[in-house]
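K.L.:
Handing you this structure, nothing more for now.
The values are calculated or read from the model by the stated rules, or taken from the named source; none is laboratory data. Here the structure is a predicted model, which is why all the values come from computation and not from measurement. Note that each Cβ is placed from the backbone with ideal geometry, even for glycine, and that neighbours are counted across all protein chains shown.
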Amino acid sequence: MTKRVVLAVHGGAGVINRSQLTSETEEIFRAALRSALSIGYEILMEKSYKNHQCNLSASIAADAVEAAVRYLEDCPLFNAGAGSVFGNDGRIRMDASIMICSTAFNTADGNVGGIERDIAAIETDKTIQMSRYPQTPQPQAGSVAGVENVKNPISLARAVMERTKHVMLIGKGAEEFAQSLPKEVVETRRDDYFWTERRWTQLIEVRKREEQLQRQQQEGTGMANFTPMQNMEVQLDHASEAGQDIMDHDEQKFGTVGCVALYIPVEKERETEFDNPLIRPQLASATSTGGMTNQRFNRVGDTPIIGAGTYANHLCAISCTGHGEHFIRNVAAHDIAKRLEYKHGYGSEEGKKDGSALQKAVEEVIFGTLIGNGIDKGSGGVIAIDRDGNFTAEMNCPGMYHGWIYEDGEMKTRIFQDERSHKEP
Ligand code: ASP
């Protein structure tokens, strides 16, 4: 049965083992995930309706994912917003993206109501063309990369989507755009808001390892002139060593944050959904990060790249976390969405009832594509939902901070790979 409201969040994936988390630390993370879930859920249940810009057709789902990610950006536990990691030059540069799509609702007879109605409304020759090449609802997207001093990069990404004709703004230009926006939409903060001792220590540690590596390689190869690119050491926020409590070892922290949401209007409103696109089913995805510790040369990961770290269309919404370069090369989020549709037939007559299609598509990418030949695997995880409310979370590493909530308010958090019960998504 289709679920009306589903929301899931993640706070990064990586080497997160039970031996590294005391029960207090674990509870702090789970509580943060629960708070983010509650904030998004309240919006989806229309208890705290924000919708401040309301000029796009998936604004309730957008409000929910933005609000949940804003909470996680403000929470210093995670590598985004206030908790972001430092780059090699001691600066914090953040990336974020949001993608939304309003979907047509599947009627009881299996027709896709919204699309058929749209087709009927246009001229005959175009109708023929459209039935041959079925049109799908158009998603919207916004992203920012390499921004400094923006309190909530996800809100800036949303502003790009809703207030410009562009999809992606970077660096100084994105910051100028931020300055031009009302404070209720995007706030800026001075450097000290983002500075934390533990993140600084983390940078120093990674730099030390980098120097050591470079020395060893110089000695071993006799190469006097190597470029930093060849011997660069960067660290995923959640890379860590066994036997150490994560809270005690600041160089091994946490990760990127993300949220996916499905919102379907309540039954009584469905009859008017064709007249009012604002109440069609909506899917949304949002992801935000501080990138990788010691990253340099304005390195940008997958988070702000639409299709790599974030994707949403009329069938599903996906948010990724992990080693960004691998997610970019494999266009991971988009690959999941297209496998779901083209390979597993989800959304088509034959495939539309397949509640396990999303799970299969996610597994293929996480355990297949991203692992590759296993030598240089793309470590990370994904949260994803489809338009029937099927939710899945997968990781190819020991842990991912994540949680989900259904319409009835049933909420669950999970951290470790081996924590999953056979009944869970
Ligand atoms: N994907 C992010 C990046 O590569 C990092 C993360 O997920 O923690 O920038």
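K.L.:
Mind listing whichever residues of the range 278-331 are of a type in the set (Val, Ile, Thr) and modelled with pLDDT under 95?
P.N.:
ILE279, THR293
K.L.:
Mind listing just one residue for me: the one in the range 88-103 that is within 13 Å of the ligand (Cβ to nearest atom) and touching a strand residue (DSSP E or B) at 6+ places or on another chain (Cβ under 6 Å) and, of those, nearest to ARG209 (Cα to Cα)?
P.N.:
Restricting to residues being within 13 Å of the ligand (Cβ to nearest atom) and touching a strand residue (DSSP E or B) at 6+ places or on another chain (Cβ under 6 Å), the top hit is ARG93.
K.L.:
Return the residues of the range 291-315 that are within 19 Å of ALA62 (Cα to Cα) and either in a strand (DSSP E or B) or among the basic types (Lys, Arg) (or both); say none if nothing qualifies.
P.N.:
ILE306, THR310, TYR311, ALA312
K.L.:
Assess whether GLY83 counts as being modelled with pLDDT of 90 or more, within 15 Å of the ligand (Cβ to nearest atom) and closer than 24 Å to ALA62 by Cβ.
P.N.:
yes
K.L.:
Still on this structure, I have one more. Which of the residues that make up the range 3-35 are away from the ligand (no atom under 16 Å from the Cβ), at pLDDT below 90 and surrounded by 22 or more Cβ atoms within 10 Å (Cβ to Cβ)?
P.N.:
The answer is VAL5, GLN20.
K.L.:
Follow-up question, since we're still on this one. Evaluate the range 342-361: report whether one residue or more is touching a helix residue (DSSP H, G or I) at 6+ places or on another chain (Cβ under 8 Å), within 19 Å of CYS259 (Cβ to Cβ) and surrounded by 24 or more Cβ atoms within 10 Å (Cβ to Cβ).
P.N.:
yes
K.L.:
On to the next question. Could you list, in sequence order, all residues of the range 6-46 that are out of contact with any strand residue (DSSP E or B) (no Cβ under 6 Å at 6 or more places or on another chain) and β-branched (Val, Ile, Thr)?
P.N.:
Once the filter is applied, which keeps residues that are out of contact with any strand residue (DSSP E or B) (no Cβ under 6 Å at 6 or more places or on another chain) and β-branched (Val, Ile, Thr), the range 6-46 yields VAL15, THR22, THR25, ILE28, ILE39, ILE43.
K.L.:
In the list GLY403, GLY347, which residue meets the criterion of being in contact (Cβ under 8 Å) with a residue 24 or more places away in the chain, touching a Leu at 6+ places or on another chain (Cβ under 8 Å) and on the phi > 0 side of the Ramachandran plot?
P.N.:
Residue meeting the stated conditions: GLY347.
K.L.:
Could you count how many residues in the range 395-406 are crowded, with 23+ Cβ neighbours inside 10 Å and either of a type in the set (Asp, Glu) or in contact with a Phe, Trp or Tyr (Cβ under 7 Å, 6 or more places away or on another chain) (or both)?
P.N.:
Going through the range 395-406 one residue at a time, the tally reaches 4.
K.L.:
Tell me, which residue of the range 312-331 that is touching a helix residue (DSSP H, G or I) at 6+ places or on another chain (Cβ under 7 Å) and away from the ligand (no atom under 14 Å from the Cβ) is farthest from ASP386 (Cα to Cα)?
P.N.:
Among those that are touching a helix residue (DSSP H, G or I) at 6+ places or on another chain (Cβ under 7 Å) and away from the ligand (no atom under 14 Å from the Cβ), it is ASN313.
K.L.:
On to the next question. Quickly run through the range 324-341 and pick out the residues that are buried (at least 24 other Cβ atoms within 10 Å of the Cβ) and under 15 Å from the mean Cα position of the chain (by Cα).
P.N.:
Within the range 324-341, GLY324, PHE327, ALA332, ALA333, ILE336, ALA337 meet the criteria.
K.L.:
Answer yes or no: is there a residue in the range 134-150 that is within 29 Å of the chain's Cα centre (by Cα), over 23 Å from ILE318 (Cβ atoms), surrounded by 14 or more Cβ atoms within 10 Å (Cβ to Cβ) and modelled with pLDDT under 95.
P.N.:
Taking every residue of the range 134-150 in turn, none turns out to be within 29 Å of the chain's Cα centre (by Cα), over 23 Å from ILE318 (Cβ atoms), surrounded by 14 or more Cβ atoms within 10 Å (Cβ to Cβ) and modelled with pLDDT under 95.
K.L.:
A follow-up question, please. Could you list, in sequence order, all residues of the range 332-354 that are within 19 Å of ALA393 (Cα to Cα), more than 12 Å from the ligand (Cβ to nearest atom) and at pLDDT 90 or above?
P.N.:
Passing the criteria: HIS334, ASP335, ILE336, ALA337, LYS338, ARG339, LEU340, GLU341, HIS344, TYR346.
K.L.:
Tell me yes or no: at least one residue of the range 288-300 is more than 14 Å from the ligand (Cβ to nearest atom) and either at negative phi or among the acidic types (Asp, Glu) (or both).
P.N.:
Scanning the range 288-300 turns up no residue that is more than 14 Å from the ligand (Cβ to nearest atom) and either at negative phi or among the acidic types (Asp, Glu) (or both).
K.L.:
Just a yes or no: is a residue in the range 407-423 under 29 Å from GLU325 (Cβ atoms), away from the ligand (no atom under 16 Å from the Cβ), modelled with pLDDT of 90 or more and crowded, with 24+ Cβ neighbours inside 10 Å?
P.N.:
No.
K.L.:
Looking at this structure, is GLY378 part of a loop (DSSP other than H, G, I, E, B), within 17 Å of the chain's Cα centre (by Cα) and modelled with pLDDT of 90 or more?
P.N.:
Criteria met by GLY378.
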